[in-house]
Every structure is written in structure tokens, then in C-alpha cells.
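Visitor: Please find one structure pasted underneath; my questions will follow.
The values are calculated or read from the model by the stated rules, or taken from the named source; none is laboratory data. All of these numbers come straight from a predicted model, not from anything done at the bench. Quick reminder, even Gly has a Cβ in these numbers, built from the backbone with ideal geometry, and neighbours come from all protein chains shown. The accessibility values were calculated without ligands, DNA or RNA, using every heavy atom of the protein model including side chains. Shrake-Rupley method; radii C 1.70, N 1.55, O 1.52, S 1.80 Å.
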Amino acid sequence: MKKKLVSACFAGIHCRYDGKHNRVEQIQELIKRGEAVPVCPEQLGGLSTPRKPAEIVGGDGHDVLDGKAKVVTVDGEDVTEAFVRGAYEALRVAQMLGVEEAILKEKSPSCGNCIVYDGTFQGVKKAGQGVTAALLKRHGINVVSEEEWKQES
Ligand code: SF4
């Protein structure tokens, strides 16, 4: 069976921007059985944990990859380069493992699959993919959110 790539915060790893995690027991079980590998694109991109929250301004992850939108922190720092670097590092892991499916954390500016925040830091959501989700999709990897995966399985 092909391994899946999963957001590392699902594994109970404290890699979120606030130093917390988003543990999902069923996803943790996949990892324990050797069926999934956890990655955190933001850490792979060189960002520290904890770190300032960031949102995509001017579009979604696809627009970031196309150079039409940016990722900025709540303080206004441009962290686009780190987000793109992390996405390519996650893709490198996925390709090394022959991954065909990724289960990624909804609403994250890296991992979100259907929804991201709108760049105003007001808790407003919009339709769109995070940077890593967009890059994986462009390389033929089927990306699902944790909710979509739970419904499927
Ligand atoms: Fe989780 Fe992805 Fe955010 Fe890392 S970048 S903390 S894996 S949602």
C-alpha cells in the first residue's frame, strides 16, 4: 500500500504556529501502522515554532505559487519564501515515498485544502487551498482535508 503524507500536527506533534497540535487519533494510527508519514511544511520551510500566525493575502496557495499573492504574518512580515520552500520540501518527501494521497489540515495557509483565511486576520474564511496543498495537487497528489478523509473512511 502506498504511504500517505499527513500534516504533522495531526500526529500530536507540537508544530503549530502557537506550539500546539491538532491530534487526530485515527491519523496517528495510520502513522503507527507505517501507512502515513507526518510532515510540517512550515517547519520544513525554516520557520520557528512557535511563530507568528500567517495568512495568504491576495489569493490562495495557487496564486502564491504563481507569484500573484503573498503570505504575511500578523505583523506584516512577508514569509512567502519560507512557505514556498516548505511546500517544495513536503513535495520532495511525497515524491520520495511515491505518495498518491495527502491528508492535510483544513484552513492552514500551508495545508488547507478547501478553505483558508482571507488575509485580514479577522477570522474570516474563504474558499481556496494553502500553498503546500496547491503544490501537491499540481503534482498529481490527491489532497483531502481531515474531514473529507473521515467521511471517506
Ligand atoms: Fe500543521 Fe500544516 Fe500548520 Fe504544520 S503547516 S502546523 S502540518 S497545518
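Visitor: Specify the inter-centroid distance of segment 23-56 and segment 97-115, based on alpha-carbon positions, in whole Å.
Guide: 10
Visitor: Per residue of segment 49-59, what does 6.51 cos²θ - 1.76 cosθ + 1.60 with θ = phi - 60° give for ³J(HN,Hα)? Whole Hz please, x for Gly and Pro, Karplus curve as stated.
Guide: Along segment 49-59, the couplings run 10, x, 9, 5, x, 10, 9, 8, 10, x, x Hz.
Visitor: ³J(HN,Hα) across segment 38-45 via Karplus (A = 6.51, B = -1.76, C = 1.60, θ = phi - 60°), whole Hz, x for Gly/Pro?
Guide: x, 9, 10, x, 5, 5, 4, x
Visitor: Over 31 Å between Cα atoms, which of 2/70; 52/137; 32/70 qualify?
Guide: Exceeds cut-off: 2/70; 32/70.
Visitor: Please compute the per residue accessible area over segment 108-153 with all protein chains in place, 1.4 Å probe, rounded to a whole number of Å². Write down the numbers at each step before the final one.
Guide: Numbers: 2140 Å² over 46 residues.
Averaged over the residues of segment 108-153, the accessible area is 47 Å².
Visitor: In the chain, what percentage of the DSSP-assigned beta bridges are antiparallel, given to the nearest 5? Don't jump to the answer; show the numbers that get you there.
Guide: Details: 8 of 19 bridges.
Expressed as a percentage, antiparallel bridges in the chain total about 40.
Visitor: To continue, here is another question. What's the carbon and sulfur percent of segment 26-80's accessible surface, probe 1.4 angstrom, rounded to a whole number?
Guide: On the way: 1300 of 2670 Å².
About 49 percent, which is the carbon plus sulfur part of the accessible surface.
Visitor: Related question: So what's the back-of-envelope 222 nm ellipticity for the chain, counting only DSSP H runs of four-plus at -39500 (n - 2.57) apiece and dividing by all residues, rounded to 500?
Guide: The helix contribution divided over the chain gives -9000 deg cm²/dmol.
Visitor: Given Cα positions, please report Rg to Rh for segment 34-119, the hydrodynamic radius being the Kirkwood one.
Guide: Answer for segment 34-119: 0.96.
Visitor: Roll a 1.4 Å probe over the protein heavy atoms and report the accessible area of residue 66 in Å², nearest 10.
Guide: 80
Visitor: Segment 24-54: which trypsin sites (Lys or Arg not before Pro) are DSSP loop and have at most 11 other beta-carbon atoms within 10 angstrom?
Guide: Within segment 24-54, the qualifying trypsin sites (Lys or Arg not before Pro) (loop, at most 11 other Cβ atoms within 10 Å) are 33.
Visitor: Average projected area of the Cα convex hull of the chain, in nm²?
Guide: 8.1
Visitor: Would you mind telling me which residue in 122, 43, 28 has the biggest mean-square fluctuation in a Gaussian network model of the chain, where springs connect alpha carbons within a distance under 10 angstrom?
Guide: With Cα springs under 10 Å in the chain, the top fluctuation among 122, 43, 28 is at 122.
Visitor: Calculate the dipole size of the chain relative to its Cα centre from +1 charges on Lys and Arg beta carbons and -1 charges on Asp and Glu beta carbons; express the result in debye to the nearest 20.
Guide: Result for the chain is approximately 300 debye, rounded to the nearest 20.
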